[in-house]
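Q: I'd like to ask you about the structure that follows.
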Amino acid sequence: MPPDWPEYRGEPLRLGVLASGKGSNFTAIVQAIGAGKLPAIVTGVVYNNPEAPVRERAKEAGVPCALINHRDYPDRESFDAAIVQTLQRWGAEWVIMAGWMRQATTVLLEPFGSRILNIHPSLLPSFPGTRAVEQALAAGVKITGCTVHRVILAVDQGPIIAQAAVPVLPGDTVATLHARIQEQEHRLYPPAILWAAVQE
Ligand code: GRF
């Protein structure tokens, strides 16, 4: 079960989203804000793949978006510096990785401290890395799920904020299992952002 919504009396959270692909978690966050559940503003979306569908989703939602393509930078540090500059220009106070497929450096981590969150499609610490759903299926686990955690330099190892369990069903493929995990991701991420804020 995703967590309940915590009580929060502060200012709306200013979220900068980083996304590389579809952007369904971005949309879930925007919808939670629209529904009045998540007191936040998405200040903008940074995406790194020119063809990423998240771009259209951001446009539909009326959220500013910026293409920052890692292929245009000589190293990960200069790429992250460009991201930080854009996030700061938007006045983002939180970094929300939503299907962000790049490894963060200290250049991105230091300005935001513990205010960087990621969602991962497994019950961490099981199955870190980019093939979590495939590996869970191959391992024959009967329960997997998703995790929202704070981001640290070590990939997929930061402090856990919230998790949701998803049973592995007979006949599951990577696609069917990932689709059910994503349903839970969309329920989990918005309240987990607020939990991260109240835990500060
Ligand atoms: C999600 O499954 C997330 O856990 C992983 O990448 C996927 C992104 O999906 N890190 P979307 O782009 O939000 O639809």
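The values are calculated or read from the model by the stated rules, or taken from the named source; none is laboratory data. Keep in mind it's a predicted model, so treat the numbers as computed, not measured. Here Cβ is always computed from backbone atoms with ideal geometry, including for glycine, and neighbour counts include all displayed protein chains. Ligands, DNA and RNA are stripped out before the accessible areas are found, and what is left, the full protein with its side chains, is counted by its heavy atoms. Shrake-Rupley method; radii C 1.70, N 1.55, O 1.52, S 1.80 Å.
Q: Tell me, yes or no, whether region 174-193 has at least one residue that is within 23 Å of ALA81 (Cβ to Cβ), open to solvent by 10 Å² or more (accessible area, probe 1.4 Å) and of a type in the set (Lys, Arg).
A: Filtering region 174-193 down to residues within 23 Å of ALA81 (Cβ to Cβ) leaves none.
No, that holds for no residue.
Q: Something else now. Which count do you get for residues in region 132-148 that are within 26 Å of THR105 (Cβ to Cβ), within 11 Å of the ligand (Cβ to nearest atom) and not aliphatic (A, V, I, L, M)?
A: Residues that pass the stated criteria total 2.
Q: Could you list all residues from region 167-184 that are assigned to a strand (DSSP E or B) and either within 11 Å of the ligand (Cβ to nearest atom) or closer than 20 Å to PRO6 by Cβ (or both)? Walk me through how you get there before you give the answer.
A: Step one: list which residues in region 167-184 are assigned to a strand (DSSP E or B), which gives 167.
Across region 167-184, there are no qualifying residues.
Q: Among the residues of region 80-124, count how many are surrounded by 19 or more Cβ atoms within 10 Å (Cβ to Cβ), small (Gly, Ala, Ser) and in contact with a Ser or Thr (Cβ under 7 Å, 6 or more places away or on another chain).
A: 3
Q: Sticking with this one: Picking from VAL155, VAL141, which residue would you name as being under 14 Å from the mean Cα position of the chain (by Cα) and either among the polar types (S, T, N, Q) or not assigned by TED's automatic domain parsing to the domain that holds ALA35 (or both)?
A: Details: VAL141 fails: under 14 Å from the mean Cα position of the chain (by Cα).
Every option except VAL155 fails the conditions.
Q: Right, here's the next one. Under the condition of being assigned to a helix (DSSP H, G or I) and in contact with a Leu (Cβ under 8 Å, 6 or more places away or on another chain), which residue from region 113-159 is farthest from GLN85 (Cα to Cα)? First the steps, then the outcome.
A: Start the filter on region 113-159 by keeping residues that are assigned to a helix (DSSP H, G or I), which leaves 132-139.
When the remaining residues are screened for being in contact with a Leu (Cβ under 8 Å, 6 or more places away or on another chain), the result is 133, 136-137.
Working: VAL133: 33, ALA136: 37, LEU137: 39 Å.
Among residues in region 113-159 that are assigned to a helix (DSSP H, G or I) and in contact with a Leu (Cβ under 8 Å, 6 or more places away or on another chain), the one farthest from GLN85 (Cα to Cα) is LEU137.
Q: Something else about it: So GLN135 fits all but one of (1) without any contact (Cβ under 8 Å) to a residue 40 or more places away in the chain; (2) exposed (fewer than 14 other Cβ atoms within 10 Å of the Cβ); what number is the exception?
A: It is condition (2) that GLN135 fails.
Q: Count, please, the residues in region 109-131 that happen to be within 16 Å of the ligand (Cβ to nearest atom) and either touching an Asp or Glu at 6+ places or on another chain (Cβ under 9 Å) or of a type in the set (Ser, Thr, Tyr) (or both). Give the steps one after another, and end with the answer.
A: At the first step, the residues of region 109-131 found to be within 16 Å of the ligand (Cβ to nearest atom) are 116-131.
When the remaining residues are screened for being either touching an Asp or Glu at 6+ places or on another chain (Cβ under 9 Å) or of a type in the set (Ser, Thr, Tyr) (or both), the result is 118-122, 124-130.
The number of residues fulfilling the criteria is 12.
Q: Exactly one condition in (1) open to solvent by 60 Å² or more (accessible area, probe 1.4 Å); (2) under 25 Å from PRO121 (Cα atoms); (3) of a type outside the set (A, V, I, L, M, F, W, C) is false for TYR8; which is it?
A: (2)
Q: Sticking with this one: Which of (1) modelled with pLDDT of 95 or more; (2) within 16 Å of the ligand (Cβ to nearest atom); (3) in a loop (DSSP other than H, G, I, E, B); (4) closer than 30 Å to ILE143 by Cβ is the odd one out, the single condition PRO50 does not satisfy?
A: Failing condition for PRO50: (4).
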